[in-house]
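Note sheet for the following structure.
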Amino acid sequence: MSPRVCVLGAGIIGLSCAVRLQEVLGHRCLITVVADKFGKETTSAIAAGCFRPQDAAPVSGYTGRRSAVGKDIVLLSYNQYTSILHSEEAEEAGVHKLTGYHIRYPLVGKEPFYATFLEKCRKLSESEILSVFPSLPHGCSGHLLTTLVVSPNKYMPWLAKRFISNCGKSIKRRVESFCEMWDEYDIIVNCTGLSAGQLTGDPSIVPSRGQVMRVDNSSGKHTFAYIDNGTERMPYYIWTPDYTVIGGTKLIGCTDSQVSQNDHDLIIENCSKYFPWLNVVEDRIREEVVGFRPSRPAIRLEEEHICYKGANKWIVHNYGHCAHGIAYSWGSAHVAVELVIDILQRSKL
């Protein structure tokens, strides 16, 4: 009998793992995605989607073969998205290149990690920054960079279609405990994001509340900008072919799922201050949404052995990506699947 593998979670982390399992194992395993939320119900569906990791991915628990797993995760993801960009499916997948600004203040001396691998990335002088963003104070630093943007309204359906078209199976179901699953599966890849806290008893994972708006593209600015001010409310915008995303918030521990009028007003106020060319007014707002990032000091990427009714079972944990689900998804999928392969080889399932 073929090994039975369940990917628990259908956000960008879970679907990336499921597709990667198909790529590596083909039909040697029976792969099922189980989740209580799919598509537009997931946090991934409202992500901003700009690939700009400032650091290598922080990872905890990993004892695999990679000596620089944090850097590998970022670079593997970037290479995967670049491959999609250059394929015939780029438009359907919602992957495109975009040039824009990442500004930081107070002044930050450390160079961001993306500056080490992006083909086009230039450090800006303060005078260059203030010529574009005159409302900023002195003492800022920043880069002009060309990177990848992944539009989740297109990318998530494309990724799900890719999994299903390759004989993948999905089940909509709420799982309260791993014990519910062991009669049906041999290995569980735990990509449950914020729900991992309840499933695993991990107290280090907490919600990071984000609120964003999608507005029409009438400004004509095909670019993006982040004003990284070190606070819970970081102004940014990202152009996509279908809309412009503006934000945003990063409220650690906040569980309010309703759109906040205070945050709404602050987002418009900050965008009007720093990005006046966007001309953000109420009648241009198409949608305003709230989501909860799975915040954790480091991504949990490790295997856990379980003995259930005398049988060996395994969990491969892959959760805690916080605001970098898109940037870390493919890389952490590669690493998680390597752990699954190691289990299959050792256990001879």
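The values are calculated or read from the model by the stated rules, or taken from the named source; none is laboratory data. On a predicted model such as this, the values are computed, not experimentally measured, just so you know. Don't worry about glycine lacking a Cβ; one is built from the backbone with ideal geometry, like all the others, and counts go over all protein chains shown. Areas reflect the complete protein model, heavy atoms only, side chains present, ligands, DNA and RNA absent. Shrake-Rupley method; radii C 1.70, N 1.55, O 1.52, S 1.80 Å.
Exposed loop sites were defined as GluC sites (Glu not before Pro) in DSSP loop states (anything but H, G, I, E or B) carrying at most 15 other C-beta atoms within 10 Å; in the chain the longest segment without such a site runs 233-349. Remark: spin-label model distance SER2-THR116 equals 3.9 nm, labels positioned 7 Å along the Cα→Cβ axis. Remark: the chain carries 43 Å² of accessible area per residue (probe radius 1.4 Å; ligands, DNA and RNA excluded). Modelled this way, with points 7 Å down the Cα-to-C-beta line, the labels at CYS167 and ALA311 are 2.1 nm from one another. For segment 182-300, the carbon plus sulfur part of the accessible surface works out to 49%, probe radius 1.4 Å. What the Cβ-Cβ distance of SER87 and ASP283 gives, at R0 = 51 Å and to the nearest 0.05, is a FRET efficiency of 0.85.
Dipole size of the chain about its Cα centre, with +1 on Lys/Arg Cβ and -1 on Asp/Glu Cβ: approximately 620 debye, rounded to the nearest 20. Annotation: extensible slack from LEU107 through LYS221 equals 38.4 nm (criterion: 0.36 nm per residue apart, minus Cα-Cα distance). The simple Förster model, with R0 at 35 Å and r as the Cβ-Cβ distance, assigns ASP183 and ARG65 a FRET efficiency of 0.65. So what's the net charge close to LEU136: Lys and Arg +1, Asp and Glu -1, counting the other residues with Cβ under 13 Å from its Cβ? That sum, taken over residues with Cβ under 13 Å, equals -1. Carbon and sulfur: what percent of segment 24-143's accessible surface (1.4 Å probe)? Ligands and nucleic acids excluded, carbon and sulfur reach 52 percent. Placing a label point 7 Å from the Cα of LEU349 along the Cα-to-Cβ line, the residues of segment 6-32 whose backbone N sits under 16 Å from it are 6-9, 17-32. Charge dipole (Cα centre; +1 on Lys/Arg Cβ, -1 on Asp/Glu Cβ; no other charges) of segment 48-131 amounts to roughly 440 debye.
Once C-alpha pairs closer than 8 Å and six or more residues apart are averaged by separation and normalised to the residue number of segment 173-279, the relative contact order reads 24 percent.
For segment 68-145, trypsin sites (Lys or Arg not before Pro) are listed when DSSP marks them as loop and at most 12 other Cβ atoms sit within 10 Å of their Cβ; the list is LYS110. Counted residue by residue at 0.36 nm each, then reduced by the alpha carbon distance between them, the extension gain from LEU130 to THR255 reaches 41.4 nm. Considering only alpha-carbon pairs that sit under 8 angstrom and 6 or more positions apart, the relative contact order computed for the chain is 25 percent. About the centre of its Cα atoms, segment 223-302 shows a dipole size close to 300 debye [charges on the beta carbon of Lys, Arg (+1) and Asp, Glu (-1) only; nearest 20 debye]. When the trypsin sites (Lys or Arg not before Pro) in segment 274-349 are filtered for DSSP coil states and for at most 11 other beta-carbon atoms within 10 Å of their beta-carbon, the remaining sites are LYS309, LYS348.
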